[in-house]
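Colleague: The structure is given below, and queries will be raised subsequently.
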């Protein structure tokens with residue numbers, strides 16, 4: 001049962017892409033699965049350019065040379081974005097498998113969301129993913145699946161037999177979950193300020209086409225300062241501003257994050273243990289990664305970590321200090337993720 005699931009513990013933007021890439025590399029994974037749609041972007045440092053690469057469709061392990069990427073039946077595919085990312089990552093066609101039952105996001109889906117009030121009412125990214133989900137569950141006869149799109153034919157393959165063969169051979173599979181627990185359509189305490197899907201580890205496993213019995217690791221990723229997308233995106237307890245974060249960090253450069261998809265200014269807040277405790281109860285992680293510790297004054301980092309562990313009643317296993325480094329708390333060995 002060598003399956004690792006990476007899940008966000010807040011409202012997205014926790015650094016799941018960096019963690020999924022890191023784990024794929026460190027654990028010598030042979031398969032990386034990305035679930036969900038293009039309404040969230042995961043960032044990884046491209047080794048070819050040494051610059052951040054934001055991926056909305058492919059798993060971040062796509063930039064590794066020996067990993068096969070899988071988009072399962074629970075994926076919502078925008079072919080234009082997918083082909084652009086194939087070029088950006090240098091992913092060869094033989095390293096991408098798409099399940100025939102994955103759904104294609106159409107121009108109609110994107111137009112429907114743009115014509116709706118979702119951006120104003122809940123801060124939607126308007127990627128068309130939500131509209132596609134809605135059409136799928138309504139059993140719309142016009143739904144286009146991956147098997148029906150000529151552009152995707154070279155990648156189409158029933159992925160479940162392939163995944164079962166990989167597991168039977170003892171190969172490690174990484175499932176890269178999207179968004180965060182606080183955005184779950186089912187479990188967010190802030191509904192209707194949620195996304196169009198469940199965002200728990202169990203949901204990601206189902207979207208990938210695997211069984212809970214296959215999973216031996218669940219990695220919960222959280223950040224020192226939780227964020228939400230800009231605009232009317234829902235409650236964010238203890239909200240502050242980027243000027244405050246910059247001042248308290250004592251860094252010379254101004255700290256500011258833009259959303260990966262809409263490029264709008266993210267909202268930011270102080271750590272809220274409540275949403276993380278709920279994420280822990282639902283996901284039952286085997287490991288927890290705490291990212292964005294570089295936003296703290298270094299002299300206060302140790303006390304901050306200890307306080308977080310007390311508040312969430314769980315041990316922090318890995319620490320993230322920026323886009324390319326993760327510190328293993330158990331061995332105290334710093335591992336550069338590149």
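The values are calculated or read from the model by the stated rules, or taken from the named source; none is laboratory data. What you see is a predicted model, and the numbers here were worked out from it, not measured in a lab. Cβ placement follows ideal geometry from the backbone for every residue including glycine, while neighbour counts extend to all protein chains displayed.
Colleague: For residue 255, work out the one condition from (1) crowded, with 16+ Cβ neighbours inside 10 Å; (2) part of a loop (DSSP other than H, G, I, E, B); (3) in contact with a strand residue (DSSP E or B) (Cβ under 8 Å, 6 or more places away or on another chain) it doesn't fulfil.
Modeller: For residue 255, the exception is condition (3).
Colleague: Would you mind finding the one in 234, 230 that is at pLDDT below 95, in contact with a strand residue (DSSP E or B) (Cβ under 7 Å, 6 or more places away or on another chain), farther than 19 Å from residue 36 by Cβ and not in a helix (DSSP H, G or I)? Don't jump to the end; show me each part of the working.
Modeller: On the way: 234 fails: farther than 19 Å from residue 36 by Cβ.
Matching residue, one of 234, 230: 230.
Colleague: Only one of these is more than 21 Å from residue 53 (Cα to Cα) and at pLDDT 95 or above: 330, 311. Name it.
Modeller: Values: 330 fails: at pLDDT 95 or above.
That would be 311, the only listed residue that is more than 21 Å from residue 53 (Cα to Cα) and at pLDDT 95 or above.
Colleague: Please go through region 132-172 and pick out each residue that is closer than 27 Å to residue 27 by Cα and without any contact (Cβ under 8 Å) to a residue 40 or more places away in the chain.
Modeller: 161, 164, 165, 168, 169 - these are the residues of region 132-172 that are closer than 27 Å to residue 27 by Cα and without any contact (Cβ under 8 Å) to a residue 40 or more places away in the chain.
Colleague: Would it be correct to say that residue 34 is modelled with pLDDT of 95 or more, closer than 24 Å to residue 161 by Cα and surrounded by fewer than 24 Cβ atoms within 10 Å (Cβ to Cβ)?
Modeller: Numbers: modelled with pLDDT of 95 or more: yes; closer than 24 Å to residue 161 by Cα: yes; surrounded by fewer than 24 Cβ atoms within 10 Å (Cβ to Cβ): no.
So residue 34 does not fit the description; no.
Colleague: Could you check residue 162 against (1) surrounded by fewer than 17 Cβ atoms within 10 Å (Cβ to Cβ); (2) at pLDDT 95 or above; (3) assigned to a loop (DSSP other than H, G, I, E, B) and say which number it fails?
Modeller: So residue 162 meets the others, but not (3).
Colleague: Now, a different point. Within the bounds of region 54-74, is there any residue that is out of contact with any strand residue (DSSP E or B) (no Cβ under 9 Å at 6 or more places or on another chain) and closer than 22 Å to residue 174 by Cβ?
Modeller: Taking every residue of region 54-74 in turn, at least one turns out to be out of contact with any strand residue (DSSP E or B) (no Cβ under 9 Å at 6 or more places or on another chain) and closer than 22 Å to residue 174 by Cβ.
Colleague: Exactly one condition in (1) surrounded by 14 or more Cβ atoms within 10 Å (Cβ to Cβ); (2) modelled with pLDDT of 90 or more; (3) in a loop (DSSP other than H, G, I, E, B) is not met by residue 127; state its number.
Modeller: (2)
Colleague: Where residues in region 174-187 are more than 14 Å from the chain's Cα centre (by Cα) and either without any contact (Cβ under 8 Å) to a residue 40 or more places away in the chain or under 15 Å from residue 74 (Cβ atoms) (or both), which of them is surrounded by the fewest Cβ atoms within 10 Å (Cβ to Cβ)? Spell out the reasoning first.
Modeller: Quick first cut of region 174-187, residues more than 14 Å from the chain's Cα centre (by Cα) only: 185-187.
Still in the list and also either without any contact (Cβ under 8 Å) to a residue 40 or more places away in the chain or under 15 Å from residue 74 (Cβ atoms) (or both): 185-186.
On the way: 185: 16, 186: 12.
Looking at residues that are more than 14 Å from the chain's Cα centre (by Cα) and either without any contact (Cβ under 8 Å) to a residue 40 or more places away in the chain or under 15 Å from residue 74 (Cβ atoms) (or both), I get 186.
Colleague: Another one. From the list 282, 276, 289, pick out the single residue that is modelled with pLDDT of 95 or more, within 30 Å of residue 3 (Cα to Cα), touching a strand residue (DSSP E or B) at 6+ places or on another chain (Cβ under 6 Å) and part of a helix (DSSP H, G or I). Don't jump to the end; show me each part of the working.
Modeller: Working: 282 fails: touching a strand residue (DSSP E or B) at 6+ places or on another chain (Cβ under 6 Å); 289 fails: part of a helix (DSSP H, G or I).
Of 282, 276, 289, the one residue that is modelled with pLDDT of 95 or more, within 30 Å of residue 3 (Cα to Cα), touching a strand residue (DSSP E or B) at 6+ places or on another chain (Cβ under 6 Å) and part of a helix (DSSP H, G or I) is 276.
Colleague: Right, next: Could you look through region 67-90, keep only residues that are over 20 Å from residue 16 (Cα atoms) and surrounded by fewer than 19 Cβ atoms within 10 Å (Cβ to Cβ), and pick out the one that is modelled with the lowest pLDDT?
Modeller: 90
Colleague: If you don't mind, there's one more thing I want to ask. Have a look at 215, 245, 219 and point out the one that is more than 18 Å from the chain's Cα centre (by Cα), over 23 Å from residue 196 (Cβ atoms) and in contact (Cβ under 8 Å) with a residue 12 or more places away in the chain.
Modeller: Details: 215 fails: more than 18 Å from the chain's Cα centre (by Cα); 219 fails: more than 18 Å from the chain's Cα centre (by Cα).
So the residue among 215, 245, 219 that is more than 18 Å from the chain's Cα centre (by Cα), over 23 Å from residue 196 (Cβ atoms) and in contact (Cβ under 8 Å) with a residue 12 or more places away in the chain is 245.
Colleague: Answer with yes or no whether residue 204 is more than 30 Å from residue 163 (Cβ to Cβ), touching a strand residue (DSSP E or B) at 6+ places or on another chain (Cβ under 7 Å) and either modelled with pLDDT of 95 or more or not in a loop (DSSP other than H, G, I, E, B) (or both). Full working, then the answer.
Modeller: On the way: more than 30 Å from residue 163 (Cβ to Cβ): no; touching a strand residue (DSSP E or B) at 6+ places or on another chain (Cβ under 7 Å): yes; either modelled with pLDDT of 95 or more or not in a loop (DSSP other than H, G, I, E, B) (or both): yes.
The answer is no for residue 204.
Colleague: Looking at region 76-102, I want the residues that are farther than 20 Å from residue 39 by Cα and have a partner that is assigned to a loop (DSSP other than H, G, I, E, B) with Cβ atoms under 7 Å, at least 6 apart or on another chain. Which pairs are those?
Modeller: Every condition considered, the pairs that remain are 91/58; 97/157; 100/158.
Colleague: Kindly establish whether residue 109 is under 18 Å from residue 156 (Cα atoms), crowded, with 24+ Cβ neighbours inside 10 Å and in contact with a helix residue (DSSP H, G or I) (Cβ under 7 Å, 6 or more places away or on another chain).
Modeller: Details: under 18 Å from residue 156 (Cα atoms): no; crowded, with 24+ Cβ neighbours inside 10 Å: yes; in contact with a helix residue (DSSP H, G or I) (Cβ under 7 Å, 6 or more places away or on another chain): yes.
Here the answer is no, as residue 109 does not meet what is asked.
Colleague: Still on this structure, I have one more. Can you tell me which residue among 138, 116 is farther than 28 Å from residue 53 by Cα and modelled with pLDDT under 90?
Modeller: Details: 138 fails: modelled with pLDDT under 90.
Selected residue: 116, the only one of 138, 116 that is farther than 28 Å from residue 53 by Cα and modelled with pLDDT under 90.
Colleague: Among (1) more than 13 Å from residue 260 (Cβ to Cβ); (2) crowded, with 24+ Cβ neighbours inside 10 Å; (3) out of contact with any helix residue (DSSP H, G or I) (no Cβ under 9 Å at 6 or more places or on another chain), where does residue 49 come up short?
Modeller: (2)
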